């Protein structure tokens, strides 16, 4: 789903992002609920980035008030009956054309998917935040159903002013 947003981009650069688990649902500009792996996963687009709510987990990557944890490269935790893993990387692009092509490639890859939410902010056609369920998470290595192996999602946060794209990948796996 593509959401054209009528609100300014609230975060301005990759190093301003914070990470939090367990926050209640924040005000969202767009929400896409997707049923997968026995869960309803809520992909939530915030004015200050994203929030995913899946079963017992709430993951928020956004410009949060002071005192919030900075965005880690890796994080993991256990929840009742679930294991959670998170990774984040930032790619810096030297020029505007290279950055623009990278953002457009992400948008094209997600276009038309019913398990993806892309938000385009005003001011720059490359000011984009996108969330998608991980297509690789539908079946385990041995063809197991997602309900047995878990569910994953990815996000992209594009910053035209610094030509950076923050990419996250998360996985929630039911413990056997």
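The values are calculated or read from the model by the stated rules, or taken from the named source; none is laboratory data. Given the structure is predicted, the values throughout are model-derived calculations rather than measurements. Here the Cβ positions follow ideal geometry from the backbone for every residue, glycine too, while neighbour counts run over all protein chains shown.
Residues satisfying the criterion are present in region 37-44 (criterion: modelled with pLDDT under 95 and surrounded by fewer than 17 Cβ atoms within 10 Å (Cβ to Cβ)). Checked against the criterion of being under 28 Å from residue 176 (Cα atoms) and free of Cβ contacts under 8 Å to residues at least 40 places away in the same chain, region 93-102 contains not a single residue that satisfies it.
Scanning region 31-74 for residues that are over 19 Å from residue 16 (Cβ atoms) and in a loop (DSSP other than H, G, I, E, B) yields 37, 38, 55, 56. Among the residues making up region 41-65, a single one is without any contact (Cβ under 8 Å) to a residue 24 or more places away in the chain and over 13 Å from residue 153 (Cα atoms): 65.
For the condition under 15 Å from residue 129 (Cβ atoms), part of a strand (DSSP E or B) and in contact (Cβ under 8 Å) with a residue 40 or more places away in the chain, residue 77 does not qualify.
Can you give me the number of residues within region 1-16 that are farther than 19 Å from residue 132 by Cα and either at pLDDT 80 or above or not in a loop (DSSP other than H, G, I, E, B) (or both)?
We begin by selecting, within region 1-16, every residue farther than 19 Å from residue 132 by Cα; these are 6-16.
Next cut, either at pLDDT 80 or above or not in a loop (DSSP other than H, G, I, E, B) (or both) only: 14-16.
Within region 1-16, residues that are farther than 19 Å from residue 132 by Cα and either at pLDDT 80 or above or not in a loop (DSSP other than H, G, I, E, B) (or both) number 3.
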